[in-house]
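Here the structure comes first, spelled out in structure tokens, and everything after it is commentary.
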Amino acid sequence: MVLKQNTGGGKTLTGLLIAQSSLHEGVGPAVFLVPDSFLIQQVADEANDAKIPVTTDANDELFRSSRSILITTFHKVVNGRSSFGVRGVKKVVTLGAVIVDDAHAALAATNGIFAATIPFSCKAFDQMLKLFAAELKEQGPKAFADIEAGDQGSPIRVPAKALADRVDEIMAVVRPHADDDKLNTLFFAWPFVADQLKFATITFTSRGVEIKTPCPEVAMIPAFRQAKRRVYLTATLEDEGVLVTELDADPEAVRKPITPKQASDLGDRIILAPLSINPQLGVWVISRGAVILKSPQD
């Protein structure tokens with residue numbers, strides 16, 4: 001299901017209630033995923049106010065036995081080394097209900113989760129640069145020289161044909177470094193791109209080389225992909241199709257999201273800052289219920 005509501009419209013509490021209802025139905029365990037760790041306690045506080053049992057510990061027996069909802073980050077569940085299990089590598093934790101809060105923000109996080117980046121400081125960077133040196137020089141001699149020297153310059157993308165012809169060589173270069181947990185940008189994302197290298201996009205910059213596939217293989221995380229119920233809570237998205245391509249949402253659910261009966265306020269937001277344009281404007285201040293116009297001199 002896809003629920004669309006503006007920020008401040010009560011999406012979080014709605015999602016918590018859906019998770020709790022799922023547990024009552026026997027659809028558990030249930031997890032509530034937030035975009036970053038800073039929001040975990042905020043959601044937990046809201047759940048406590050509503051008397052909804054939650055935990056932030058994935059090993060909590062109350063969560064495992066479907067008696068409380070786990071609040072954690074999207075990245076905790078969906079990453080190439082997930083403690084909830086990775087296809088063919090780790091034992092899978094079965095989930096009944098997965099609630100993705102602020103799915104639009106989770107989408108922003110997927111750029112890092114599903115794109116493997118080899119930093120400039122890693123030996124594999126130099127090896128990859130030598131592997132594609134001829135093609136990169138042909139596209140931009142100056143940009144290549146800047147990247148080789150570690151100077152700020154324009155990014156260069158590897159031609160698709162050159163990439164497809166050297167998949168085995170790329171694998172041989174990257175694989176020895178992929179299990180180094182100190183290289184977070186490679187360690188957690190490599191399993192997502194390793195089997196799809198021939199479809200990937202490889203981009204070099206002075207800071208590193210990024211390997212990214214067109215559509216993330218969310219099926220690598222069976223706990224997420226095979227959950228009996230997945231609910232995406234989102235505000236307005238410019239392109240809602242990315243919920244399908246990036247987060248494996250049901251296309252029909254995306255086409256027909258659940259929205260408030262009065263959804264006329266769904267849309268983009270604009271924040272006006274007049275003083276940034278004209279510092280000479282007066283400032284409206286609310287003081288004890290009264291609106292006061294103050295001049296810049298005040």
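The values are calculated or read from the model by the stated rules, or taken from the named source; none is laboratory data. Keep in mind that what you see is a predicted model, and the values were worked out from it rather than measured. As a convention, Cβ positions derive from the backbone with ideal geometry for all residues, glycine included, and neighbour counts pool all protein chains shown.
Tabulated results
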{"quantity": "From the options I52, I99, residue that is touching a strand residue (DSSP E or B) at 6+ places or on another chain (Cβ under 9 Å), more than 23 Å from P251 (Cα to Cα), touching a residue at least 24 places away in the same chain (Cβ under 8 Å) and crowded, with 18+ Cβ neighbours inside 10 Å", "calculated": "I52"}
{"quantity": "Residue that is surrounded by the most Cβ atoms within 10 Å (Cβ to Cβ), among those in region 219-275 that are acidic (D, E) and at pLDDT 85 or above", "calculated": "D250"}
{"quantity": "Any hit, region 155-165, residues being touching a strand residue (DSSP E or B) at 6+ places or on another chain (Cβ under 9 Å) and loosely packed, with under 14 Cβ neighbours inside 10 Å", "calculated": "yes"}
{"quantity": "The one condition in (1) in contact (Cβ under 8 Å) with a residue 40 or more places away in the chain; (2) part of a helix (DSSP H, G or I); (3) not basic (K, R) that A164 fails to fulfil", "calculated": "(1)"}
{"quantity": "Qualifying residue in region 22-38 (condition: in contact with a helix residue (DSSP H, G or I) (Cβ under 8 Å, 6 or more places away or on another chain) and surrounded by fewer than 23 Cβ atoms within 10 Å (Cβ to Cβ))", "calculated": "yes"}
{"quantity": "Only one of D195, D180 that is within 30 Å of V86 (Cα to Cα), under 23 Å from the mean Cα position of the chain (by Cα) and in a loop (DSSP other than H, G, I, E, B)", "calculated": "D180"}
{"quantity": "Subset tally (residues that are part of a loop (DSSP other than H, G, I, E, B), within 13 Å of F84 (Cα to Cα) and not hydrophobic (A, V, I, L, M, F, W, C)) for region 214-230", "calculated": "1"}
{"quantity": "Considering residues of region 1-14 that are in contact with a strand residue (DSSP E or B) (Cβ under 8 Å, 6 or more places away or on another chain) and not in a helix (DSSP H, G or I) only, the residue surrounded by the fewest Cβ atoms within 10 Å (Cβ to Cβ)", "calculated": "M1"}
{"quantity": "Hits in region 123-158 (condition: outside any helix (DSSP H, G or I) and either among the β-branched types (V, I, T) or modelled with pLDDT under 90 (or both))", "calculated": "G140, G150, D151, Q152, G153, S154, P155, I156, V158"}
{"quantity": "Unique residue being touching a residue at least 24 places away in the same chain (Cβ under 8 Å), within 25 Å of E252 (Cα to Cα) and not aromatic (F, W, Y) when the list is S37, S22", "calculated": "S22"}
{"quantity": "Where a residue in region 57-78 is more than 26 Å from E246 (Cβ to Cβ) and surrounded by fewer than 17 Cβ atoms within 10 Å (Cβ to Cβ) and its partner, wherever it lies, is among the small types (G, A, S) and at pLDDT 90 or above, with Cβ under 7 Å and at least six apart", "calculated": "D60/S68; L62/S68"}
